[in-house]
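Here the structure is laid out as structure tokens; the discussion comes afterwards.
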Amino acid sequence: MIDLRSDTVTRPTPEMRMAIADAAVGDAVIDIDPTTDRLERLTADILGKEASLFMPSGSMTNQIAIRIHCDRGTEFICESNCHIYNYEQAAFAQLSGVVAQTVLGHDGIMQVDQLRHLIRPENDHMVRTRLVCLENTHNRAGGRIQPPGTVEAICQWAHDHGLKTHLDGARLWNAAVASGQSEETLAKPFDSVSVCFSKGLGAPVGSVLAGSKEFIVEAKRVRKLFGGAMRQSGMIAAGALYALMHHRERLIEDHESAKIIGDTVRKSDCLQVLGGCVETNIVAIAIDESWGTAAQFVKSLHSQGVLCFAIGPQSIRMVTHLDVSRSQISDVCDALRRVTSSSPLALATQLA
Ligand SMILES: Cc1ncc(COP(=O)(O)O)c(C=O)c1O
């Protein structure tokens, strides 16, 4: 099976397993775990932030950032299709008593003009607006990169109005490699940044939250509250550290693979690349109703040895990653051609 459901399905390489086996460890809750400490210093450096903190997941780094930036009974602004709002069980409400005000962007990208009137006036009826969250790359929008000028305009506006800014950069590594901008440049406009090692970088576990020294002191406290303080975390930080040092540059190969799939999709009469282009490692594909449904398409691809997810009644997603070779990508394209050449609806009509 060729598994394109997510870039989270990768398994550690033999070299990464060696790095994990050799990791120096200590108790990170009592004092220090040397490998985790190295990872946190290096990540903070790459992101151009004062400090950072290792956590088990991107959901935890996002939710801890929201918890710190927003008091109970306040709100944050985010894009309607972002991960924080749709795929984290509204943990901001469950765990922190915070609400979200959503704004529909174009292909996941909000413009500052859409936000200008959204800050609530100070009166007893209103929740208080505290934070703006962006996602780069935008997962549901097919790995779309946030244009740097748009990001700067939003963050500048937010700061001018006393709001904080948080970046869900689960795939910031992909945005950096694809745009040729450093992670530091892309992270600069934000007060806090979450990055994941368990996505395109191919580590088994882990995310980091980065920001100012004071912010990270607070994040450490909330991490303990949320049950995310880990002891010999060097065992997993070593995989993340290895990924950070060895797997960033190669993301360009995943982007090229995704573009090859995108080109095949464009040649089909019944498929369309959602958003019109493939910028990183996610290809979101619309399936014409004349072919059938997304569920039927996923099933047909499965029978051809390719796994992917339906992301809507008429849309699917394919994600490229380091466990898929270029020759497997050409098998995926062949499978797409075979599946699109025989629709279940056409078959039903012939049989009727
Ligand atoms: C954009 C984005 N943010 C956050 C997350 C959450 O990461 P985790 O699965 O580590 O909680 C994901 C997971 O896929 C994601 O795609």
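Taking all C-alpha pairs of region 1-44, those more than 12 Å from each other amount to 72 percent.
Provide the percentage of antiparallel DSSP beta bridges, counting only those with both residues in region 155-258; round to the nearest 5. Walk me through the numbers on the way to the answer.
Numbers: 4 of 8 bridges.
Among the beta bridges of region 155-258, antiparallel pairing accounts for roughly 50 percent.
Measuring gaps between exposed loop sites in the chain (GluC sites (Glu not before Pro); DSSP loop; at most 16 other Cβ atoms within 10 Å), the longest gap, sites not included, is 123-248.
Can you list, largest first and rounded to whole Å, the semi-axes you get for region 1-151 by taking the square root of 5 times each eigenvalue of its Cα gyration tensor?
Numbers: eigenvalues 219, 91, 43 Å².
Taking √(5λ) for each eigenvalue gives 33, 21, 15 Å, largest first.
Run the helix sum for the chain: -39,500 (n - 2.57) per DSSP H stretch of 4+ residues, divided by residue count, reported at 222 nm to the nearest 500 deg cm²/dmol. Roughly -12500 deg cm²/dmol at 222 nm, from the helical runs in the chain. Distances between every pair of Cα atoms in region 248-301, grouped in 5 Å steps from 0 to the bin holding the largest one, split as 4, 20, 26, 22, 16, 8, 4, 1, 0 percent. Annotation note: trypsin sites (Lys or Arg not before Pro) in region 84-139 located in DSSP loop regions with a Cβ neighbour count of at most 13 within 10 Å are R116.
Convex hull volume per residue, computed on the Cα atoms of the chain, equals 141 Å³.
Across region 19-77, how large is the tail of the calculated P(r) beyond 19 Å, expressed as a percent of all Cα pairs? Summing the P(r) of region 19-77 above 19 Å gives 46 percent of all pairs. Relative to one another, the C-alpha centroids of region 46-93 and region 101-174 are positioned 13 Å apart. Restriction of the trypsin sites (Lys or Arg not before Pro) in region 243-352 to DSSP coil positions whose beta-carbon has at most 15 other beta-carbons within 10 angstrom yields R250, K267.
Of the residues M18, M235, M126, the one that moves most in a GNM of the chain with alpha-carbon contacts below 10 Å is M126. With a Förster radius of 41 Å applied to the beta-carbon distance between R11 and K299, the computed FRET efficiency rounds to 0.95.
What is region 112-268 by shape, rounded, prolate or oblate, if you read a ≥ b ≥ c off the alpha carbon gyration tensor as root eigenvalues and call it rounded for a/c under 1.5, prolate for a/b larger than b/c, and oblate otherwise? Oblate, since a/c reaches 1.5 and b/c is not below a/b.
Amide H contacts of I287: S315, I316, each under 5 Å away and 5 or more positions distant or on a separate chain (H built 1.01 Å from N in the peptide plane; Pro and chain starts excluded). Suppose we keep just the DSSP beta bridges with both residues in the chain; what percent of those would be antiparallel, to 5? Antiparallel bridges: around 50 percent, rounded to the nearest 5.
Where a number appears in this text, it was derived from the coordinates with a stated rule and is not lab data. Fair warning: this is a prediction, and the values are worked out from it, not measured in the lab. In this analysis, Cβ positions are derived from the backbone assuming ideal geometry, glycine residues included, and neighbour counts consider all displayed protein chains.
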